[in-house]
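Just below is one structure, and these are the notes that go with it.
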Amino acid sequence: MNLAELLPAARQLPAKDKLRLIRILAEDLDEAEDVNPFEPHKVYYLPTPYDLFGAGHHLQELLDGITEDNLHQEVGVGTAVGNEVW
């Protein structure tokens, strides 16, 4: 079965089964050898804040706009469930 035949059936799955399918496929890829999504000698551009002149100024303007009226309190997110270090 090829991808063109599989996609229509996968798209009809309920959301929970789609997530389960994604997890299974990701685990299969994790165990596979020689899986590299990047092509050799190809340039991949990654967006970064460097050379975005004015971004810092804009952020400072947003921070300056914080007042007692629009400042919210801390939000509780519960206890750590993994290896988080806070």
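Got a number for residues in segment 47-61 being aliphatic (A, V, I, L, M) and either modelled with pLDDT of 80 or more or part of a helix (DSSP H, G or I) (or both)?
Selection size over segment 47-61: 2.
Which of the numbered conditions does Ala10 fail, given that it passes all the others? Conditions: (1) loosely packed, with under 10 Cβ neighbours inside 10 Å; (2) in contact with a Leu (Cβ under 7 Å, 6 or more places away or on another chain); (3) not in a loop (DSSP other than H, G, I, E, B).
Of (1) loosely packed, with under 10 Cβ neighbours inside 10 Å; (2) in contact with a Leu (Cβ under 7 Å, 6 or more places away or on another chain); (3) not in a loop (DSSP other than H, G, I, E, B), only one is false for Ala10: (1).
Picking from Asp69, Asp28, Asp64, Asp17, which residue would you name as being among the charged types (D, E, K, R), surrounded by 10 or more Cβ atoms within 10 Å (Cβ to Cβ) and modelled with pLDDT of 90 or more?
Result: Asp17 is the single residue among Asp69, Asp28, Asp64, Asp17 that is among the charged types (D, E, K, R), surrounded by 10 or more Cβ atoms within 10 Å (Cβ to Cβ) and modelled with pLDDT of 90 or more.
The values are calculated or read from the model by the stated rules, or taken from the named source; none is laboratory data. Just so you know, these numbers come straight off a predicted model, no measurement behind them. Cβ sites come from the backbone with ideal geometry, for glycine too, and all protein chains shown count toward neighbours.
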